[in-house]
Every structure is written in structure tokens, then in C-alpha cells.
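Some notes on the structure that comes next.
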Amino acid sequence: MEMGKKLLAAGQLADALSHFHAAVDRDPQNYMAYYRRATVFLAMGKSKSALPDLSRVIELKPDFTSARLQRGNLLLKQGKLDEAESDFKKVLKSNPSDKEEKEAQSQLTKSDEIQRLVAQSRRSFDDKDYVTAAAQLDTVIETCIWDVTSREMRAECFIQMGEMGKAISDLKAASKLKNDNTQAFYKLSTIYYNLGDHEMSLSEVRECLKLDPDHKQCYSHYKQVKKLNKQIQAAEEYIQEQRYEDAVSKYEAVITTEPNVQHFLLLAKERICHALTQAQQASRAISVCSEILKSNPANVNVLKDRAEAHLQDEQYEEAVKDYETAAKHSEGDRHIKEGLERAQRLLKQSQKRDYYKILGVKRNAQKKEIIRAYRKLAQQWHPDNFQDPEEKKKAEKKFIDIAQAKEVLTDPEMRTKFDHGEDPMDPESQQGHHHHHFHGFQGFNPFGSGPFNFKFNFN
């Protein structure tokens with residue numbers, strides 16, 4: 001026993017615990033061995049393990065007031081008020097020391113006050129006055145820190161008050177304080193689910209099923225969450241793989257699986273908006289994104305996606321507006337800053353010369369489409385087709401624009417510059433940049449004097 005006391009005093013708790021385990025095994029009637037072991041458990045923060053040892057001490061030596069006082073304090077922390085009060089009263093009747101008497105009386109008074117608060121909190125809860133009930137339970141839990149019932153009631157108050165973060169905190173504590181607390185895990189899972197956190201919801205409901213695989217509520221909920229989780233993960237994988245139409249279909253399935261939880265509806269629509277934008281389905285993307293922004297006008301991700309869709313649809317003013325709105329709600333976002341600058345350049349450019357419009361092709365047109373459009377227009381506007389001097393002059397200008405458009409849009413470097421709001425054929429927009437000069441057509445110089453002799457190759 002002396003060795004165990006030395007180990008305990010030295011803070012070697014594991015060694016001290018082993019020593020007192022052996023002492024209890026050697027002599028199961030040795031109340032001091034149980035008491036010392038309880039002291040080690042308390043020092044290790046294992047109050048649940050200490051309680052049976054203190055009860056055994058009191059069983060072997062009913063007048064051991066120190067053990068009874070410690071047990072009363074543990075029972076009080078657990079919220080077992082009647083049992084705690086019984087211990088404090090017995091301490092007061094057993095010739096305690098002055099210190100023990102003072103502590104027992106103080107704890108008995110505190111226990112009486114908590115009994116009153118518990119009764120009041122239950123009345124407040126039954127009256128649906130959840131704010132008052134939660135405040136009363138705050139005071140109860142300050143003393144009864146391991147009281148599962150009070151924590152679960154306060155969690156329900158928080159749920160009714162919409163304070164989900166606080167409810168989660170209390171339910172997590174309740175799940176640890178009470179063995180096999182399946183109901184706490186079920187409630188945690190449903191809260192996370194309603195908050196749109198499908199991964200945490202799945203994790204908590206699995207804990208419930210570990211404790212009771214046949215738990216009806218948990219199993220039913222598990223099937224729903226697992227299905228939803230699988231659909232969302234698949235949709236995100238499709239987006240990573242740039243399989244955007246598949247992602248849209250999968251998120252539409254998410255809406256079918258869970259049409260009632262707003263967080264999942266918003267997530268699905270937001271990601272559909274994003275996938276359609278990435279797929280360059282501009283009109284569909286704008287429609288879906290706009291629907292979200294009606295109810296959530298400050299959604300930065302959706303504003304950015306709709307801005308990009310507007311750019312694809314050549315609605316530059318609308319794109320600028322969306323990027324400006326997004327910037328107000330997300331200061332310092334580099335992507336928004338870059339997007340806004342690009343939209344402003346494209347808006348300015350659209351008010352000047354637009355090579356895509358000259359050839360009548362979309363911004364995402366392939367090289368083959370561009371050359372096909374160029375050939376058609378070049379044949380149509382060839383100056384040799386016009387006899388009237390004014391019409392020929394107009395055709396010459398149009399013909400040069402068509403050729404310049406083809407040169408810019410079939411050259412990857414020049415096209416990239418143009419797509420970012422620079423005109424490679426305009427010295428003003430090339431300030432500080434090396435720009436590509438237009439060298440005319442093969443076989444003639446359209447800027448020379450004298451009669452034109454248009455000969456060109458379609459390349």
C-alpha cells in the first residue's frame with residue numbers, strides 16, 4: 001500500500017493503478033485498497049470507474065465519511081440528486097471533521113437548489129418556453145456536468161430555438177456520458193442531415209447501428225443518408241471528370257431522393273448551375289442559376305457561375321453586374337477580380353470589333369467551323385463580285401475584316417488574347433504588348449493603291 005501511495009504522489013498513475021489492482025485482488029475485504037484505487041481513477045479522470053470502488057468502500061466501512069462525501073460529489077455531478085443528498089445527510093450524522101461537515105452542508109444546500117431548478121426547467125419545457133428552460137438548465141449543468149438527462153433536455157431546447165450547433169455539442173456529450181445512447185446518435189444524425197451535412201449524418205447514424213443493428217429509426221435513416229451520400233459523391237466525381245451532363249443528371253436524382261431539405265435542394269441546384277456553366281450550356285445555366293439567386297441573391301458561387309454563363313452567351317453587361325455583386329459579398333476573391341476585369345474588357349471589345357460576330361460563329365466555335373464560315377463569307381464579299389464603286393469599297397472593307405477575323409481566330413495565341421479582351425489587330429489595345437500585325441492576303445496587298453487584283457488561297 002505504501003508503494004502505491006508513493007507512485008500516486010509521484011504522478012505515476014498507471015503504475016499506481018496496477019499496484020492497487022493487485023492489492024484488491026489479494027484482499028477483497030481491504031477497504032483502503034478500494035479507496036486508493038478510486039483516488040487513482042479520479043486523478044485519471046475516470047469517475048465512472050471510481051464510483052463502484054467508493055460504493056464498495058462504504059459497504060465495507062459505512063462510517064468512512066471521506067469516501068461517502070466523494071461519492072456524494074460524483075453522484076451530484078451525474079445529476080443523481082436524491083442519492084447525492086442521502087450521502088451528504090449521512091456524512092452530517094457521522095461525526096465528520098469540521099471541513100467535511102462544512103463541505104457536506106454546502107453540497108446539500110446546492111443539491112436542494114438544483115432540485116428546484118430541475119423542476120422549474122421541466123415546467124418551462126412543458127410550457128414550450130425553451131429559452132427559459134435552457135437558461136435554467138445552464139445553471140443545473142454548471143454543477144451536474146455529467147447529467148445526461150439535463151443535457152438531452154437542453155439539446156431539445158436548442159433544437160426548438162434553432163441553435164443547432166449548441167444542440168450538437170450537448171448531444172455529443174450525452175452520447176459519451178451514457179452507454180448505448182442510440183437516441184443521441186440518431187438525433188445527431190438527423191440534425192446534421194437537416195443542416196445538409198450528409199457525411200457527418202452518415203457517420204453518426206453508423207454509430208447508432210454499431211450499438212443496435214436492429215434500431216428501426218436508425219436503420220431507416222441510414223438507408224436514406226447512404227443513398228443520398230452515394231449520389232452526391234458520384235455527381236462530384238463526374239464534375240471532376242468533366243462529365244457535366246452526367247453530373248447534372250445525378251444531382252437531379254439528389255433532388256428526387258430528398259425534395260424536402262432545403263440545404264440539399266440548394267446544393268443540388270448550385271452544382272447543376274456550375275456543371276451547366278462548365279459544359280458551356282449557357283442558356284440552361286443562366287436559368288438554373290437565376291432561380292437560386294431569386295431566394296439567395298448573395299450566393300457568391302452562383303453569381304460567379306452565372307457571370308461566366310453570361311460571358312458564354314455574350315451578355316457582357318450582365319456578366320459585369322454579376323461579378324460586381326459577387327465582389328461586394330466576397331472581397332479579395334482573386335477569381336472574381338480576374339473575372340470582372342475580363343468581363344469589362346469583353347464588354348469594351350464588344351462595343352468595337354468582334355471577330356466572332358464578323359464570321360457569325362460562337363465563341364466556342366472549333367477551327368473547322370471558323371474556316372468554313374470564313375470561306376463562305378470571303379466568297380460572298382469578294383470585291384470582284386461588285387461593280388458599283390461604293391459597293392466595291394464597302395466590300396473591300398468587309399473582305400479585310402473577314403480575313404482579319406479568320407487570321408485572329410485560327411491563330412491560338414491571337415485568339416487567346418482576343419478572348420481575354422485584347423484586339424491583336426488594334427495597336428491601342430496592345431499597349432505594352434508585342435502584337436501581331438496583319439500582313440494582308442496571299443497574292444495581294446489590300447492597303448496598296450491602284451486597282452485591286454484579288455487572288456487568295458483558302459487555307
Please give the helix 65-77 orientation as an angle from the longest Cα principal axis of the chain, in degrees from 0 to 90, rounded to the nearest 10. 30
Accessible heavy-atom area order of E163, E204, E407, E199, highest first, probe of 1.4 Å: E199, E163, E407, E204
May I ask you to give the solvent-accessible area per residue for the chain, in square angstrom, as obtained with a 1.4 angstrom probe? 55
Which listed residue (H274, W146, P28) has the Cα farthest towards the positive end of the charge dipole for the chain, taking +1 on Lys and Arg C-beta and -1 on Asp and Glu C-beta about the Cα centre? P28
For the chain, whose charge dipole is built from +1 on Lys and Arg Cβ atoms and -1 on Asp and Glu Cβ atoms, the candidate among S220, A133, S295 with its Cα farthest towards the positive end is S220
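Carbon and sulfur together cover what percent of the accessible area of the chain at a 1.4 Å probe radius? Please report the intermediate quantities before stating the final value.
On the way: 11870 of 25080 Å².
Ligands and nucleic acids excluded, carbon and sulfur give 47 percent.
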Please work out how much accessible surface V131 shows to a 1.4 Å probe, ignoring ligands, DNA and RNA, in Å² rounded to 10. 90
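Summing Lys, Arg as +1 and Asp, Glu as -1, what charge do residues with Cβ under 12 Å from the Cβ of R116 carry, R116 excluded? Don't skip to the end; give the middle numbers.
Values: positive: K110, R122, R123; negative: D112, E113.
For residues surrounding R116, the net value is +1.
Magnitude of the Cβ-charge dipole of the chain, K/R +1 and D/E -1, about the Cα centre, nearest 20 debye?
Values: 71 positive and 71 negative charges, 127 e Å.
Dipole of the chain, to the nearest 20 debye: 600 debye.
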How much solvent-accessible surface does S203 expose, in Å² to the nearest 10, with a 1.4 Å probe and all protein chains in place? 50
In the list (1) 23.7, 85; (2) 24.0, 79; (3) 38.7, 128, the entry giving Rg and Dmax of the Cα atoms in Å computed from the coordinates is (3)
Summed residue charge, Cβ within 15 Å of R151's Cβ, Lys/Arg positive, Asp/Glu negative: +2
With all protein chains in place and a 1.4 Å probe, M414 shows an accessible area in Å² (nearest 10) of 10
Could you tell me the center-to-center distance, by alpha carbons, between region 307-330 and region 243-295 in angstrom? 18
Ordering of 78-84, 95-101 by packing [mean C-beta count within 10 Å, highest first]: 78-84, 95-101
Accessible area, probe 1.4 Å, largest first, for residues Y356, Y130: Y130, Y356
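Sort K406, K393 from largest to smallest accessible area, using a 1.4 Å probe on the heavy atoms of the protein chains. Write down the numbers at each step before the final one.
Working: K406 30, K393 135 Å².
Most to least solvent-accessible, the answer reads K393, K406.
The values are calculated or read from the model by the stated rules, or taken from the named source; none is laboratory data. Since the structure is predicted, the reported quantities are computational estimates derived from the model, not experimental observations. Cβ sites come from the backbone with ideal geometry, for glycine too, and all protein chains shown count toward neighbours. Ligands, DNA and RNA are excluded from the accessible area calculation, which covers all protein heavy atoms including side chains. Shrake-Rupley method; radii C 1.70, N 1.55, O 1.52, S 1.80 Å.
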